[in-house]
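Report on the following structure.
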Amino acid sequence: AQSVTQPDIHITVSEGASLELRCNYSYGATPYLFWYVQSPGQGLQLLLKYFSGDTLVQGIKGFEAEFKRSQSSFNLRKPSVHWSDAAEYFCAVDTSYSGGGADGLTFGKGTHLIIQP
Amino acid sequence: GAGVSQSPSNKVTEKGKDVELRCDPISGHTALYWYRQSLGQGLEFLIYFQGNSAPDKSGLPSDRFSAERTGGSVSTLTIQRTQQEDSAVYLCASSYLGGGETQYFGPGTRLLVL
């Protein structure tokens, strides 16, 4: 079965500094890859996704992520964080391909991002 | 357009009571998903509906959980004889098609079982 690992439970970053959140997955093929953000009391908002093609994907709010097949990783980056970026970030994989059955998303445990002024 | 909506936003119930949680997907989306988010287990996939097809119920935590989708649109997740371990946030998502399409999430229903 597939799994997703987000090794950092909490990360603290100063406002204006760069950010990288790590995500590794375990699956026999390349799944669809997603990053979602959840603010307190809110649902999940999609930041970006990787299906195929260019391994560097751009998302909303200035985020980007790079897919590295050799490392089974899909790390999220932002060059300069803002206080409003404080939230919970979830990496997820989807192993159900178009036209096939759906297994739902498999999520990592999340990384809680704290922004220091 | 309107996003995924869920009701109620909060539900407090007593152990042993039944609860119904409702999800309205984005108009035109054929796929609908239910997830549970709890402190101990994180985000867990529960069940998936594609149109009017019968769902695969193997992801439901116990036989006290059931779900239905009427007319390929609105879905209801029912928990019978609630237990304290059912306390969680229940999230619904929809996508235009199934299998790999982007899922759009609702705000969730926060369930507390006393």
So how do A:Ile114, B:Ile26 rank on accessible area, 1.4 Å probe, biggest first, that is with the largest at the start? A:Ile114, B:Ile26
Would you please state which residues of the stretch B:96-114 a label at B:Glu14 would reach in this model, taking the label point 7 Å out along Cα→Cβ and a backbone N cut-off of under 12 Å? B:114
In square angstrom, rounded to the nearest 10, how much accessible surface does B:Glu44 have for a 1.4 Å probe? 50
Given a Förster radius of 25 Å and the C-beta distance between A:Ser70 and B:Ser58 as r, what FRET efficiency does 1/(1 + (r/R0)^6) yield to the nearest 0.05? 0.15
Longer than 26 Å from Cα to Cα, which of A:Lys78/B:Lys11; A:Lys61/B:Lys11; B:Lys15/B:Lys57 are they? Say none if no pair is. A:Lys78/B:Lys11; A:Lys61/B:Lys11
Convex hull of the protein assembly as shown built on C-alpha atoms - directionally averaged projected area, nm²: 12.8
For chain B, alpha-carbon Rg over 2.2 N^0.38 Å: 1.00
Of the accessible area of chain A, with the probe set at 1.4 angstrom, what percent is carbon plus sulfur? 49
Along the three principal axes, how long is chain A when you take its alpha carbons, biggest first, rounded to the nearest angstrom? 46, 30, 23
For the stretch A:29-50, state which residues have at least 50 Å² less accessible area in the presence of all protein chains than in their chain by itself, taking the probe as 1.4 Å and leaving out ligands, DNA and RNA. A:Leu44
Alpha-carbon gyration tensor eigenvalues x 5, square-rooted, for the stretch A:54-117, Å: 26, 15, 11
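The values are calculated or read from the model by the stated rules, or taken from the named source; none is laboratory data. None of the values given here were measured: they were computed from a predicted structure. No Cβ is skipped: glycine too gets one built from the backbone with ideal geometry, and neighbour counts run over all protein chains shown. Surface areas here come from the heavy atoms of the whole protein model, side chains and all, with no ligands, DNA or RNA. Shrake-Rupley method; radii C 1.70, N 1.55, O 1.52, S 1.80 Å.
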